[in-house]
1. Would you be able to say whether some residue in the stretch 129-141 is under 21 Å from the mean Cα position of the chain (by Cα) and closer than 21 Å to Gly215 by Cβ?
2. Under the condition of being small (Gly, Ala, Ser) and either open to solvent by less than 10 Å² (accessible area, probe 1.4 Å) or free of Cβ contacts under 8 Å to residues at least 24 places away in the same chain (or both), which residue from the stretch 368-397 is farthest from Leu459 (Cα to Cα)?
3. So, in the stretch 262-279, exactly how many residues are crowded, with 22+ Cβ neighbours inside 10 Å and more than 30 Å from Gln411 (Cβ to Cβ)?
4. State whether one or more residues within the stretch 106-127 are in a helix (DSSP H, G or I), of a type in the set (D, E, K, R) and touching a residue at least 40 places away in the same chain (Cβ under 8 Å).
5. When the stretch 429-457 is examined, which residues are found to be assigned to a helix (DSSP H, G or I), among the aromatic types (Phe, Trp, Tyr) and in contact with a helix residue (DSSP H, G or I) (Cβ under 6 Å, 6 or more places away or on another chain)?
6. Considering only residues that are assigned to a loop (DSSP other than H, G, I, E, B) and charged (D, E, K, R), look in the stretch 3-19 and name the one that is least open to solvent (accessible area, probe 1.4 Å).
7. Just name the residue that is surrounded by the fewest Cβ atoms within 10 Å (Cβ to Cβ) out of those in the stretch 76-86 that are of a type in the set (Ser, Thr, Tyr) and without any contact (Cβ under 8 Å) to a residue 60 or more places away in the chain.
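The values are calculated or read from the model by the stated rules, or taken from the named source; none is laboratory data. Computed from a predicted structure; not experimentally measured. Note that each Cβ is placed from the backbone with ideal geometry, even for glycine, and that neighbours are counted across all protein chains shown. Remember, those area values only see protein heavy atoms, side chains included, never the ligands or the DNA or RNA. Shrake-Rupley method; radii C 1.70, N 1.55, O 1.52, S 1.80 Å.
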Amino acid sequence: MEQIRRSKVAAILKEAEVGKEVNVKGWVRTRRGNKFVNFIALNDGSSIHNLQIVADVPKFDEGLIKRITTGAAISVNGVISESSGKGQKVEIQATSIDVLGDCNADEYPLQPKKHSLEFLREIAHLRFRTNTFGAITRVRHSMIFAVHNFFSQKGFYNIHTPIITSSDAEGAGEMFRVTTLDMNKPPKTEEGDVDYSQDFFGKGTHLTVSGQLEGELAALAMSEIYTFGPTFRAENSNTTRHLAEFWMIEPEMAFYDLDDNMDLAEEFTKYMINYALENCMEDLEFLSNRLQEEEKGKKAEDRSMELIEKLRFVVENDYIRLTYTEAIEILMNSKPHKKGKFQYPVNGFGSDLQAEHERFLVEKHFKKPVILTDYPMSIKAFYMKQSDDGKTVRAMDVLFPQIGEIIGGSQREESYDKLLERMKALDLPEKEMYWYLDTRRFGSVPHSGFGLGFERLMLFVTGMTNIRDVIPFPRSPKNAEF
């Protein structure tokens with residue numbers, strides 16, 4: 001007998017080809033019924049929707065039916081039939097069923113009931129099997145594809161930048177050390193410090209916090225490049241917004257000034273969100289309903305904007321562009337500031353804006369996405385182009401509703417003298433950064449770039465509120481499971 005090739009659940013539901021004989025494989029979500037007929041909800045990860053399998057019990061061995069428990073993996077041959085059940089066009093009338101993998105129903109933690117996100121984080125190795133994390137995984141895949149599609153269509157080249165580095169792009173100092181030295185008996189210098197000259201790379205190395213600096217090297221030859229890779233930060237922050245390992249998208253463009261940079265950032269974010277709306281609607285609708293259910297008990301003013309409405313809000317509006325100085329004036333004159341409602345007071349020029357300030361500008365004041373430019377030099381990184389006023393740099397941050405900053409970028413300082421002066425002022429190692437300075441000595445040009453934290457974009461697109469729920473295996477303080 002000729003074996004029937006497997007069809008995916010999503011394809012069967014989409015094509016709905018009544019009368020066709022098919023094979024489907026997947027995991028049992030639920031089984032219900034009586035001694036005459038059983039209804040099995042089957043899911044293989046390809047769709048938010050389950051496929052209903054109808055099994056006429058007398059046709060099957062009693063022992064086989066008992067093995068079809070929640071969590072079991074099965075293979076079903078059957079015929080696609082019209083369904084009279086609510087919410088489904090078709091179902092499979094089973095002709096044969098094989099149990100591929102038994103599941104001990106008493107010990108299986110994913111019972112057919114609602115589980116909290118906190119509980120699911122504890123069993124993250126199984127949470128892919130839930131509707132919520134199936135939806136997030138499919139959306140994440142689509143967003144990864146969209147990133148590469150966007151930049152490829154614009155003629156950018158994807159560059160793999162180092163994961164192990166000896167430079168600190170952000171000057172943050174919160175980096176994971178990479179070493180092969182014996183930590184029980186590390187070699188010491190005469191001064192008593194660890195002697196990293198005897199380490200694998202002959203110097204101290206870390207996991208990267210950004211691929212930007214190396215990306216600039218490529219851009220100053222290839223014109224437009226982007227990186228999309230893992231980055232690491234050893235910040236001991238146990239919050240819903242922090243991860244120790246996350247993915248960054250970082251384009252770098254030669255011959256781009258700050259305006260070109262802002263244009264690209266707006267075009268890119270709109271493309272990404274539009275791609276999700278066009279290709280992930282079933283999953284987005286599920287995630288929107290999940291969020292609304294979650295927030296039922298909240299006051300109307302405390303509820304999030306409906307997910308799909310929020311995504312369209314970004315796509316359908318031009319982003320407002322204004323300077324940091326103008327934003328500070330708006331915030332200083334705002335009701336929340338005057339009434340002391342901000343958790344972090346705004347103290348004039350030089351204040352580091354917090355998410356609550358950014359969200360006020362987007363959600364309350366302008367009611368549009370916002371791009372802030374020209375930040376004080378004192379609160380920004382050394383590589384940003386210095387403005388003529390001697391106080392600000394040509395930086396830009398893109399601010400979104402409910403999330404605040406989603407992109408940070410700048411025009412980069414192309415002047416060797418100004419860059420060197422700034423590095424000296426911040427006590428950055430000129431000798432170790434010779435390669436970065438060389439790009440300003442040999443054919444320097446105006447250039448710009450930005451960084452977008454992929455998980456932060458995922459938070460926005462999925463409506464989830466904890467960043468540990470939008471990456472498959474979160475890494476955070478005291479947590480490196482799997």
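1. No, the stretch 129-141 has no match at all.
2. Only one residue tops the list, namely Gly390.
3. Residues meeting the conditions: 0.
4. Yes, because at least one residue in the stretch 106-127 is in a helix (DSSP H, G or I), of a type in the set (D, E, K, R) and touching a residue at least 40 places away in the same chain (Cβ under 8 Å).
5. Tyr436
6. The qualifying residue least open to solvent (accessible area, probe 1.4 Å) is Glu17.
7. Taking the candidates together, the pick is Ser84.
Yes or no, residue by residue, for (1) farther than 29 Å from Met384 by Cα; (2) touching a residue at least 40 places away in the same chain (Cβ under 8 Å); (3) open to solvent by less than 30 Å² (accessible area, probe 1.4 Å); (4) assigned to a strand (DSSP E or B):
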| residue | (1), (2), (3), (4) |
| --- | --- |
| Thr161 | no, yes, no, no |
| Phe200 | yes, no, no, no |
| Lys203 | no, no, no, no |
| Ala218 | no, yes, yes, no |
| His242 | no, yes, no, no |
